[in-house]
Amino acid sequence: MSKREQWFDKQSVIVVGATGGLGSAICHEFAGRGASLRIIGRDQKKLRDLANELASRSIDVDTAIVDLRDRLAIAKAIERWPDACVLVNAAGVNSPGPMTEISEENYDAIMDANVSGVFWASRAFVRIRREAKATGCIVNLTSQMGHVGAHNRVAYCASKHAVEGMTKAMAVELAAEGWRVNAVAPTFVETDFTTDFLADPAQRDYIMANIPQGHLAKPTEVASAVAFLASDLAGSTTGTSLLVDGGWVAK
């Protein structure tokens, strides 16, 4: 496709966790399809740099610096943008290790960012859109680990399974109002988030042995899946999870 179809012309999209490798790719995907961007992250410099990149492409962009552990700040940021019709929850953290060794601090950080952050952002988005007498679409970035189990990922798997369930429950609860809520569940993607882990030859060999396609997912592939689910092309799709996993879960 030499020129991307403008699925989101004159529409605003909120991306939470915009400064991560996947979050940034998602922002550029939506920007390339005509959307205005409302981006949320906790790293001020990365957020500013991303905003400048988008603005250089003549994209309408606004930013909010938010720590996802701050529920009030999440709500206040999202309430600034009642015109946004799409919310993408792309923030996430992980701290791999045996379940008997994970610290309370790391466990709480995983649950706060991966589960609570999604809930509070979605809650604020639904409320502000209802006040505007409008509906919207939510896409949650989960993981293949929200569909399976794995060694040294008990807390992470728990968090992603929780968001998969939350996605289904929100979809059912909001469907009659015209909302759609879905998830995108990628396999391992080469980003800053996974660099250290993938640098270990044994870990990389384990991953490749479990992906039937034999390669990692690309950030752009994940981003295009998110954009598809947020578009009118997926108008009858809600409560589902789109696996971008190279066949990991299928085997």
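Working note: 222 nm ellipticity from helices only, DSSP H runs with n ≥ 4, each -39,500 (n - 2.57), summed and divided by the residues of the chain, gives -12500 deg cm²/dmol to the nearest 500. Which residues in segment 151-181 place their backbone N less than 15 Å from a point set 7 Å from the Cα of E101 along the Cα-to-Cβ direction? In segment 151-181, the label zone of E101 (backbone N under 15 Å from the point 7 Å along Cα→Cβ) covers 151-155.
Short-range pairs are left out: with C-alpha atoms under 8 Å and at least six residues apart, the relative contact order of segment 1-78 is 27 percent.
Give me the net charge of S241's neighbourhood, meaning all other residues with Cβ under 9 Å from the Cβ of S241; Lys, Arg count +1, Asp, Glu -1. Net charge in that neighbourhood comes out at 0. Using R0 = 51 Å, the C-beta based FRET efficiency linking A199 and K133 works out to 0.50. Taking other C-beta atoms within 10 angstrom as a stand-in for reagent exposure, T238, T135 fall in the order T135, T238, fewest first. Model label sites at E173 and H215, defined 7 Å from Cα along the beta-carbon direction, differ in position by 4.1 nm.
Dipole orientation for the chain: of the candidates P82, A18, Y107, P82 has the Cα lying most toward the positive pole (charges on Cβ; Lys, Arg +1; Asp, Glu -1). Note on D62 and R48: the model spin-label points, each 7 Å out from Cα along the C-beta direction, lie 2.1 nm apart. Across H151, H215, H161, mean-square fluctuation computed from a Gaussian network of the chain (C-alpha pairs under 10 Å connected) peaks at H151. Mean-square fluctuations from a GNM of the chain, with a 10 angstrom spring cutoff on Cα atoms, peak among A162, A132, A55 at A132. Centre-to-centre, using Cα atoms only, segment 235-251 and segment 125-139 are separated by 25 Å. For segment 1-94, the orientation-averaged shadow of the C-alpha convex hull comes to 6.2 nm² (one quarter of the hull surface).
The numbers here are math on the coordinates, done by the rules we state, and not lab data. Source: prediction; values computed, not measured. Positions of Cβ are generated from backbone atoms using ideal geometry, with glycine treated the same way; all protein chains shown enter the neighbour counts.
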